Amino acid sequence: SIDIPAPSGIQDDDVLLLCALGGEPVNLPSGFTNILTGTNGGGDDCRVAYKIANSESGAYTVTQTSNARLTGSIYVIRGANTSGPINNSSFSDTGVTSTPTAPSHSTSENDCLNIRWTAQESANTDLTATQPTEIFTTLTVSDKISSAASYDTTATAGAIGTKAFTADSSTNFSAVSV
């Protein structure tokens, strides 16, 4: 299991977006609603979930049935529509590559925040987002898994297009767009 610290400054009605990748099925923390599940070519389980913040603090525990590799990240989104915060999401098993690409999907709302997240299953890989704003890159959050995230916005409803990341080695990646 891993404990993901609650990001500082969380306010009630913020949307918490959790992304996790593990070597076996991932169990989400209590109170999170799963919105996306996928499995990459290496058999890793990818989950994306959200929660509307309500007096949040501490850490969120993501678990598996054994001690398999596991990573996770939580993002705070302020000012989202809390009655329907997730407009659309998509998963991609990018295969063995050094350029994992988050898939395209369409939004039905104007002024959408688009978050892209990718994680790889093995080796110490340095990841970089190649789109407007990188949120973070992290290396080996838990036992040889690297992940990275970035975001952009779209003013009008429609397709958001794919977004690529670059890595310094080729391995099985999962990538999501939310």
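Whenever a residue of the range 151-177 is free of Cβ contacts under 8 Å to residues at least 60 places away in the same chain, its partners that are among the aliphatic types (A, V, I, L, M) and open to solvent by 50 Å² or more (accessible area, probe 1.4 Å), lying with C-beta atoms within less than 7 angstrom and at least six residues away or across chains, give the pairs Y151/L113; Y151/I135; T153/L113.
Reported count of residues in the range 42-66, each being surrounded by 16 or more Cβ atoms within 10 Å (Cβ to Cβ) and assigned to a loop (DSSP other than H, G, I, E, B), is 5.
Listed residues T94, T39, T99, T71; which is of a type in the set (S, T, Y), at pLDDT below 90, open to solvent by less than 20 Å² (accessible area, probe 1.4 Å) and within 18 Å of W117 (Cα to Cα)?
Numbers: T94 fails: open to solvent by less than 20 Å² (accessible area, probe 1.4 Å); T39 fails: open to solvent by less than 20 Å² (accessible area, probe 1.4 Å); T99 fails: open to solvent by less than 20 Å² (accessible area, probe 1.4 Å).
Among T94, T39, T99, T71, only T71 is of a type in the set (S, T, Y), at pLDDT below 90, open to solvent by less than 20 Å² (accessible area, probe 1.4 Å) and within 18 Å of W117 (Cα to Cα).
Within the range 5-36, how many residues are β-branched (V, I, T), out of contact with any Phe, Trp or Tyr (no Cβ under 7 Å at 6 or more places or on another chain) and either open to solvent by less than 10 Å² (accessible area, probe 1.4 Å) or assigned to a strand (DSSP E or B) (or both)? If you could, list the steps in order and put the result at the bottom.
First pass over the range 5-36, keeping only residues β-branched (V, I, T): 10, 15, 26, 33, 35.
Now drop any that are not out of contact with any Phe, Trp or Tyr (no Cβ under 7 Å at 6 or more places or on another chain), which leaves 10, 26.
Restricting the remaining residues to those that are either open to solvent by less than 10 Å² (accessible area, probe 1.4 Å) or assigned to a strand (DSSP E or B) (or both) gives 26.
Counting residues in the range 5-36 that are β-branched (V, I, T), out of contact with any Phe, Trp or Tyr (no Cβ under 7 Å at 6 or more places or on another chain) and either open to solvent by less than 10 Å² (accessible area, probe 1.4 Å) or assigned to a strand (DSSP E or B) (or both) gives 1.
Restricting the first member to the range 28-48 and to residues that are touching a residue at least 24 places away in the same chain (Cβ under 8 Å), and the second to residues that are of a type in the set (S, T, N, Q) and open to solvent by less than 20 Å² (accessible area, probe 1.4 Å), the beta-carbon pairs closer than 7 Å and six or more apart or on different chains are G38/S174; N40/S174; D44/S174; C46/N40; C46/S174.
The values are calculated or read from the model by the stated rules, or taken from the named source; none is laboratory data. These numbers were taken from a predicted model, which means no experiment stands behind them. Cβ atoms come from the backbone with ideal geometry, glycine included; neighbour counts cover every protein chain shown. Protein only, heavy atoms only, side chains kept; ligands, DNA and RNA dropped before computing areas. Shrake-Rupley method; radii C 1.70, N 1.55, O 1.52, S 1.80 Å.
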